[in-house]
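Q: Before I ask anything, let me first share the structure, which is written out below as structure tokens.
The values are calculated or read from the model by the stated rules, or taken from the named source; none is laboratory data. Only a predicted model underlies this, so the values are computations on that prediction, with no experimental measurement involved. With ideal geometry, Cβ positions are generated from the backbone for all residues, glycine too; neighbour counts draw on all protein chains shown. SASA here: full protein model, heavy atoms, side chains in, ligands and nucleic acids out. Shrake-Rupley method; radii C 1.70, N 1.55, O 1.52, S 1.80 Å.
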Amino acid sequence: MHKQTKAIHTGNFADISGAVMPPIILSTTFERGEDGLSFPSGYMYSRYDNPNRHALEEKLAMLEGGQTCITFASGLTAAMAVFQSLGAGSHLILPDDIYFGVRNIVATLYPHWGLHFSLVDMTDLAQVAQAITPQTKLIWTETPSNPQLKVVDLEGIAKIAKHHQLLSVCDNTWGTPYFQNPLSLGIDIVHHSTTKYLGGHSDILGGALIFKEQGTIAEFIRSYQQVGGAVPSPFDCWLLCRSLATFHARMPIHASNALLLAEFLNQHPQIEKVMYPGLPNNEYHLVAKKQMKNGFGGMLSILVKGGQEKALKLASGLKIFKHATSLGGVESLIEHRKSIEGELSQSPENLLRISVGIEHIDDLIKDFEEGLAKL
Ligand SMILES: *Cc1c(COP(=O)(O)O)cnc(C)c1O
């Protein structure tokens, strides 16, 4: 069966009513068997597991082609579970254009654990290899990256990690399993903020880790979920399963809209630069073509001529694109990154990040035409 079919059916479970779609199981506790010891349903207490969470984890493991999936209350708790599992004093190699929130965690929450890191330009693999120290435990990648859409050669990263016995993680929030499967390129763990495309409607906060192998690392990190309790609620899991049923219907529209909008903006005299790996003149186009399928995703960033002032004016002058943070929903969003990222921000002051929704492309382009004409 194709993943499109499985995304609808995998993990679904029935209840006594014969309901076609799974119910939401809110109960926090589950009954023991007649022997007084066993749990015949496999469930005991909802911090350990819950049927809706189990269904969601099966769907996500299937989508990424992994042996096991662990879901969390947010994308950042999922990242924290990975960092915490490495132990005190570890060194991490992170991409220079890393999602701001992950950088914020390692810079502010873990220094007293001795966790330290190097930020490197991972589009140059030599820099990744050079950054390895005896304390290095992990290479974290993000591709396409947030917000500058740098594309990293995942096979190259996986090879370096294997050679030095390091763990490799790819934050696939922007790539999504529709466009790329890092595990099939040799990466050990896929990280997701399910808040974005997997949720798809800007109404669920969640995170997930999908492991190529069910082994001791996956088991240890699972204890941060089951013992530590960084869990998503049954309702959020149920909503996410519903979102995943339409995942394959939504993603091609995100991608074709993003490409058409990128092409329009790329020839516009008021735009200095369009960052979108689907454009043939983009510096990362060849690597992206090699490792992505079905298109290049629904995210792009632009540099607006005239600095921060014009960029902010454009962001707030659009009608369909809402000026708000986050991404991956059916609705289009635009955001001035520098002003939300604060002090640590490396985003250019005239950068606007665009999450292209699944509205009609003609309406989206017209919105930009009118907004740019008002600058
Ligand atoms: C949003 C985002 C995250 C963080 O996820 P939350 O669900 O907000 O905690 C991590 N990585 C990337 C690339 C993101 O866009």
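Q: Say we join alpha carbon atoms closer than 10 Å with springs in a Gaussian network model of the chain; which of GLU272, GLU343, GLU335 then has the biggest fluctuation?
A: GLU343
Q: Also, I was wondering about something else. What aspartates and glutamates does LYS162 reach when the alpha-carbon gap must be under 15 Å and sequence neighbours fewer than 8 apart in one chain are set aside?
A: Candidates past the 8-residue exclusion: ASP153, ASP188, GLU213.
Q: What nm value, rounded to one decimal, do you get for the distance between LEU26 and LEU286 when each label is placed 7 Å out toward the C-beta?
A: 5.8 nm
Q: If you average 1/r over all unlike Cα pairs in the range 248-373 and invert the result, what Kirkwood radius do you get in angstrom?
A: Hydrodynamic radius (Kirkwood, Cα pairs) of the range 248-373 is 14.6 Å.
Q: Okay, moving on. With angles folded into 0 to 90 degrees, how steeply does helix 234-245 sit against the dominant principal axis of the chain? Use alpha carbons for both and round to 10.
A: That works out to roughly 60 degrees.
Q: Just reorder TYR276, TYR45 by solvent-accessible area, largest first, 1.4 Å probe, all chains present.
A: TYR45, TYR276
Q: What distance in nm lies between label points placed 7 Å from Cα along the C-beta direction at LYS319 and PHE264?
A: Here the modelled spin labels are 1.3 nm apart.
Q: Beyond 32 Å between alpha-carbons counts as too far, so tell me which of LYS59/LYS290; LYS196/LYS366; LYS137/LYS310; LYS289/LYS338 fall in that bin.
A: LYS137/LYS310
Q: Something else: Given a 1.4 Å probe and every protein chain left where it sits, what share in percent of the accessible area of the range 273-328 is carbon and sulfur?
A: 57 percent
Q: While we're here: Just to check I understand the Karplus step: with θ = phi - 60° and J = 6.51 cos²θ - 1.76 cosθ + 1.60, what whole-Hz values come out for the range 2-17, glycine and proline as x?
A: 7, 4, 4, 6, 5, 4, 8, 9, 4, x, 5, 9, 9, 10, 5, 7
Q: Now for a different question. Give me the 1.4 Å probe accessible area per residue for the range 3-244, excluding ligands and nucleic acids, in Å².
A: Averaged over the residues of the range 3-244, the accessible area is 41 Å².
Q: Restricting the count to DSSP beta bridges whose residues both fall in the range 248-373, what percent are antiparallel, rounded to a multiple of 5?
A: Looking only at bridges with both residues in the range 248-373, the antiparallel portion is about 85 percent.
Q: Can you grab the distance from the C-alpha centre of the range 138-195 to the C-alpha centre of the range 201-276, Å, no decimals?
A: If we compute the Cα centre of each part, the gap is 13 Å.
Q: Please report the antiparallel percentage of the DSSP beta bridges confined to the chain, to the nearest 5.
A: 55 percent
Q: Per the 1.4 Å probe, what fraction of the accessible area of the range 3-244, in percent, lies on carbon and sulfur atoms?
A: 56 percent
Q: So between ASP203 and LYS162, what do we pick up on full extension, going 0.36 nm a residue minus the alpha carbon distance?
A: 11.0 nm
Q: What figure, in Å² to the nearest 10, do you get for the accessible area of TYR284 with a 1.4 Å probe and non-protein molecules left out?
A: 40 Å²
Q: What distance in nm lies between label points placed 7 Å from Cα along the C-beta direction at VAL227 and GLU349?
A: It works out to 5.0 nm between the two label points.
Q: Taking a threshold of 32 Å on the Cα-Cα distance, which of the pairs LYS159/LYS293; LYS3/LYS305; LYS212/LYS305 fall above it?
A: Table pairs above 32 Å Cα-Cα are LYS3/LYS305; LYS212/LYS305.
Q: Run lengths n ≥ 4 of DSSP H only: what is the helix-derived mean residue ellipticity at 222 nm for the chain, with -39500 (n - 2.57) per run over all residues, to the nearest 500?
A: Mean residue ellipticity, 222 nm, calculated: -11000 deg cm²/dmol.
Q: To check my understanding: the extent here is largest minus smallest coordinate of the Cα atoms along each principal axis. What are those three numbers for the range 1-158, in Å, largest first?
A: Principal-axis extents of the range 1-158 (Cα, largest first): 58, 39, 23 Å.
Q: Further, regarding this structure: Quote the Stokes-Einstein diffusion coefficient, in whole µm² s⁻¹, for the chain, based on the Kirkwood radius over alpha carbon pairs, a temperature of 4 °C and a viscosity of 1.567 mPa s.
A: The estimated diffusion coefficient comes to 60 µm²/s.
Q: Another one. Can you give me the accessible area per residue for the range 248-373, using a 1.4 Å probe, in Å²?
A: 43 Å²
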